[in-house]
């Protein structure tokens, strides 16, 4: 795919994200808002409140704040927290990738067997359990192990290094199901390849050989998936960060969303969309190199 | 035992386990001394209704975009772009736009549907492309059958099985997203409550028994739904 087409797609992602927020900010209140008597304003073109919000967004009207000043404020809140959100994600990748590779190989080794079914059922269950429950379970586990279960109050000194364990493990549990399924498919391809068939014919096929030479081919898709999913897990881990009190972007966005401060959340969407757009351009370029 | 007997034994065991876990909320009372069970059921109804409405809306939107993509491929590009943006952040942005003091439920439906349709559109578009190039459909085109008949006789039956499985998975995703939003304090406006609201309440009270009596049945329901959907797939 040409770089120009990549750039066009990236710009499309950014524009759609902005469009979603703009629609939410301006058009939806007109549909869902009610007037003083409780009647829906859906029939009216735009309510006065909605017009105010729209004008304020555009930097016009009596309640306007300059879009540049608004962006600067939101940026000063969101951007310093990005490294804090990236840290647990990177640690989670380090845990989830080997785990997914091992589980995928277990499943693919005797495809359709009891172990394969057990692995599949486990990862489906792990994907279906609400993130809140997984986070709280791991929080109880790390507390039982004598580690801090909350991050916000312990970020000074050596506290943060221990506090990051809980969020990282929770994120790893979230990443594991998807990665395991991809790894299993990758390992099945490796084990069905001519290379593996030759090794079997020569009596050299062993688990050690598969791990030593097949892992790169089998884990290509999971690694790619991790890169694509990075914005989702770095900017959008609000539940995990809230449960562990981790001072990341997700906690910030959730708090501002609950307070109805949409511009900060909108900036979060923009950051996530820009991040995704950057990856969509950078990753193929890296692969070609 | 024959495979179907294994399957029946497994289904019976799962049903009994789920029933036992769902019985948990009846063993505890909430902050006001009332049995937790009825409140858990009512919250479940809210969560499942929200997830159902969001799934149906997202399904309709996804199928419409997939059909539109046959004429204008740019529609799928919009779906791709939608898949890139973290769904929870977009949901937060939409729900945060609800005017203060108003019922957030319609905003929740919108937020979930807006983030769930791209996945459906992508999968339906794939199936549709395959069905359109199927020899039976190409013969129908050559015979001059009208568009409605071709949809009824060829395209709809071709996309229906996968669509059903995708909608099942989307329903589970919508349920999990609704629970997450409600846990973050962005669920349906009080006095309505959803499962996420109950979990947040139990956590803020610091009552571990109440928390797990709320969460364990939710986990049982969602895992059962996911396994059933995967079987269908």
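Note on region B:183-195: residues that are within 7 Å of another protein chain (Cβ to nearest Cβ) and either part of a helix (DSSP H, G or I) or crowded, with 23+ Cβ neighbours inside 10 Å (or both) total 3.
Exactly one residue among A:69, A:100 is in a helix (DSSP H, G or I) and modelled with pLDDT under 80, and that residue is A:69.
Of the residues that sit in region B:142-153 and are touching a helix residue (DSSP H, G or I) at 6+ places or on another chain (Cβ under 8 Å) and at pLDDT below 85, which one is nearest to the other protein chains (Cβ to nearest Cβ)?
Step by step, filter region B:142-153, then rank; the result is B:153.
Listed conditions (1) more than 12 Å from every other protein chain (Cβ to nearest Cβ); (2) out of contact with any helix residue (DSSP H, G or I) (no Cβ under 7 Å at 6 or more places or on another chain); (3) part of a helix (DSSP H, G or I); (4) at pLDDT below 80 are all met by residue A:52, apart from (1). Exactly one residue out of B:220, B:200, B:180, B:213 is surrounded by 22 or more Cβ atoms within 10 Å (Cβ to Cβ), touching a helix residue (DSSP H, G or I) at 6+ places or on another chain (Cβ under 9 Å), within 25 Å of residue A:122 (Cα to Cα) and at the interface with another protein chain (Cβ under 10 Å from one of its Cβ atoms): that is B:180. Looking only at region B:37-77, residues that are assigned to a helix (DSSP H, G or I) and under 16 Å from residue B:151 (Cα atoms) come to 7 in all. Give region A:112-141 a look and list any residue that's touching a helix residue (DSSP H, G or I) at 6+ places or on another chain (Cβ under 6 Å) and surrounded by fewer than 16 Cβ atoms within 10 Å (Cβ to Cβ), or say none. Passing the criteria: only A:115.
Looking at this structure, is residue B:226 in contact (Cβ under 8 Å) with a residue 24 or more places away in the chain and over 21 Å from residue B:169 (Cβ atoms)? In short, no. Condition check: within 14 Å of chain A (Cβ to nearest Cβ) and under 24 Å from residue A:273 (Cβ atoms). Does residue B:118 satisfy that? Yes.
In the set (1) surrounded by fewer than 12 Cβ atoms within 10 Å (Cβ to Cβ); (2) at pLDDT below 70, residue B:33 fails one condition alone, (2).
Exactly one residue out of A:247, A:263 is more than 29 Å from residue A:105 (Cβ to Cβ) and in a loop (DSSP other than H, G, I, E, B): that is A:247.
Of all residues in region A:198-228, those being buried (at least 21 other Cβ atoms within 10 Å of the Cβ) and either under 14 Å from the mean Cα position of the chain (by Cα) or within 12 Å of chain B (Cβ to nearest Cβ) (or both) number 1. Scanning region A:233-249 for residues that are surrounded by fewer than 24 Cβ atoms within 10 Å (Cβ to Cβ) and more than 10 Å from every other protein chain (Cβ to nearest Cβ) yields A:245, A:247. Residues that are surrounded by 24 or more Cβ atoms within 10 Å (Cβ to Cβ) and within 13 Å of the chain's Cα centre (by Cα) were ranked within region B:115-128; the one that is farthest from residue B:155 (Cα to Cα) is B:115. Among the criteria (1) more than 7 Å from chain B (Cβ to nearest Cβ); (2) over 18 Å from residue B:97 (Cβ atoms); (3) in contact (Cβ under 8 Å) with a residue 40 or more places away in the chain, the one residue A:252 does not fulfil is (2). If the condition is being in contact (Cβ under 8 Å) with a residue 40 or more places away in the chain, crowded, with 24+ Cβ neighbours inside 10 Å and at the interface with chain A (Cβ under 8 Å from one of its Cβ atoms), then region B:79-110 contributes B:88, B:92, B:95, B:96.
The values are calculated or read from the model by the stated rules, or taken from the named source; none is laboratory data. Only a predicted model underlies this, so the values are computations on that prediction, with no experimental measurement involved. Cβ sites come from the backbone with ideal geometry, for glycine too, and all protein chains shown count toward neighbours.
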